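Following: one structure in structure tokens, then a few remarks.
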Amino acid sequence: MHSLSYERASDVNHAIELARQPGTKFIGGGTNLLDLYKSGIERPVRLVDVSRLALSAIEATPQGGLRIGAMASNTAAANHPLVRQRYRILSEAILNGATTQLRNMATVGGNLLQRTRCYYFTDPTFAHCNKRDPGSGCDAIDGYNRIHAILGASPQCISTNPSDMSVALAALDAVVHLQGPDGARQVAIAEFHRLPEDRPQDDTVIQPGELIVAVELPPSPFSQTSHYLKVRDRASYAFALVSVAAGLQLDGDTVRDARIVLGGVAHKPWRAVEAENALRGKTLSEEVLAKVAAAAVAGAHVYEHNAFKVELAQRAVVRALQTAAGGSV
């Protein structure tokens, strides 16, 4: 038996104080943490329950954006009128993730922190996983790597980030609000998740004892011309093989600005900056879309079983952009 203590935080400062003990984990909905605990992947010595903190509000900001509390459920966030009206792409992404029951429990903050579903990480019978046991090796590289990364991987880890919500947030230039022992800070979503490099055990830049308190979205020019496309093995309760969050700002038929972020292909949401650059000032012709799609996967490195992701990602980019453009008609 693994013993651990449980504490319910009364407010944010209380939660941070309780988390000073090494080995402490915050628990909100618990939809990922409890699975990892039961499998022996996570071994916290203390759980600090933050599920009842007053962090579930979803409110418009004075600047015309939106602030989503970290304890808001995925269901509440996806179905909130302001999210559906101003940030349709975020609603689509969340509703494409998991089941209704899981979305009812999962929180926005927890979604940002969910860990990879690489089978070599989630199954402790595999001996070599640098994310689970740093320095042990990576069984996925020479193993069955169909679901693994084609962009941004390293010799230490080729796992992918599983979050649909994070892909949409990256397209929306979201900012993560953190509070910890050293006070409050804000981190752009593009900098929040890490590539594996030589520290694959660190998924994010969050520091020990820090708590996500909110996610803030600036006003979006892509509210009506955006789309989240998720390609998966089955229509429900499956993680993305490839996903695309696409947003367009159109001036007639010409693309003034664009966002293209891929999921299921890297250790973090992969913003395809070169693909966006290739699209600005252009119209959505077949020739332009082909070039944009190719730019989105430039530099891809494939393994024995996941080479199909390169073409799949390109097709997904084209389809997502075409669908996003259709939203303006």
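The values are calculated or read from the model by the stated rules, or taken from the named source; none is laboratory data. Treat the numbers as computed from the prediction; the structure is a model and nothing was measured. As a convention, Cβ positions derive from the backbone with ideal geometry for all residues, glycine included, and neighbour counts pool all protein chains shown. For the accessible areas, the whole protein counts, side chains as well, though only heavy atoms, and no ligand, DNA or RNA atoms are used. Shrake-Rupley method; radii C 1.70, N 1.55, O 1.52, S 1.80 Å.
Tabulated data for the structure shown
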| item | result |
| --- | --- |
| Unique residue being touching a residue at least 60 places away in the same chain (Cβ under 8 Å) and among the small types (Gly, Ala, Ser) when the list is 184, 168 | 168 |
| Residues being part of a loop (DSSP other than H, G, I, E, B) and open to solvent by 20 Å² or more (accessible area, probe 1.4 Å) - total across the range 138-159 | 10 |
| Filter result for the condition that a residue is in contact with a Leu (Cβ under 8 Å, 6 or more places away or on another chain) and polar (S, T, N, Q), over 79, 32 | 32 |
| Odd one out for residue 302, checked against (1) surrounded by fewer than 19 Cβ atoms within 10 Å (Cβ to Cβ); (2) in a helix (DSSP H, G or I); (3) aliphatic (A, V, I, L, M) | (2) |
| Scope the range 28-52; condition within 15 Å of residue 210 (Cα to Cα) and buried (at least 20 other Cβ atoms within 10 Å of the Cβ); matching residues | 28, 47, 48, 50 |
| Among the candidates 290, 320, residue that is over 30 Å from residue 115 (Cβ atoms) and either in a helix (DSSP H, G or I) or more than 21 Å from the chain's Cα centre (by Cα) (or both) | 290 |
| Filter pass, residue 62 being more than 23 Å from residue 186 (Cα to Cα) and surrounded by fewer than 16 Cβ atoms within 10 Å (Cβ to Cβ) | no |
| Top-ranked residue of the range 263-282 - restricted to ones that are under 15 Å from residue 151 (Cβ atoms) and touching a helix residue (DSSP H, G or I) at 6+ places or on another chain (Cβ under 7 Å), ranked as surrounded by the fewest Cβ atoms within 10 Å (Cβ to Cβ) | 274 |
| Search result, residues across the range 226-246 that are closer than 16 Å to residue 163 by Cβ, touching a residue at least 24 places away in the same chain (Cβ under 8 Å) and assigned to a loop (DSSP other than H, G, I, E, B) | 237, 239, 240, 241 |
| Output for the range 206-219, where each listed residue is closer than 23 Å to residue 248 by Cβ and either at pLDDT below 95 or open to solvent by 30 Å² or more (accessible area, probe 1.4 Å) (or both) | 216, 218, 219 |
| Helices (runs of 4 or more DSSP H) lying entirely in the range 12-109 (those with 1 or more residues that are under 30 Å from residue 242 (Cα atoms)) | 33-38, 74-79, 81-86, 88-95, 100-105 |
| Subset of the range 220-239 (residues that are at pLDDT 95 or above, open to solvent by less than 20 Å² (accessible area, probe 1.4 Å) and of a type in the set (Gly, Ala, Ser)) | 226 |
| Failed item in (1) out of contact with any Gly (no Cβ under 6 Å at 6 or more places or on another chain); (2) in a loop (DSSP other than H, G, I, E, B), with residue 165 passing the rest | (2) |
| Filter result for residue 112 (outside any loop (DSSP other than H, G, I, E, B), in contact with a Phe, Trp or Tyr (Cβ under 6 Å, 6 or more places away or on another chain), open to solvent by less than 30 Å² (accessible area, probe 1.4 Å) and closer than 29 Å to residue 130 by Cα) | no |
| Pair list, Cβ < 7 Å and 6+ apart or interchain, from the range 117-130 residues that are of a type in the set (A, V, I, L, M) to residues that are not in a helix (DSSP H, G or I) | 127/136 |
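Yes or no, residue by residue, for (1) touching a strand residue (DSSP E or B) at 6+ places or on another chain (Cβ under 8 Å); (2) farther than 30 Å from residue 129 by Cβ:
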| site | (1), (2) |
| --- | --- |
| 12 | yes, yes |
| 37 | no, no |
| 50 | yes, no |
| 55 | yes, yes |
| 58 | yes, yes |
| 66 | yes, yes |
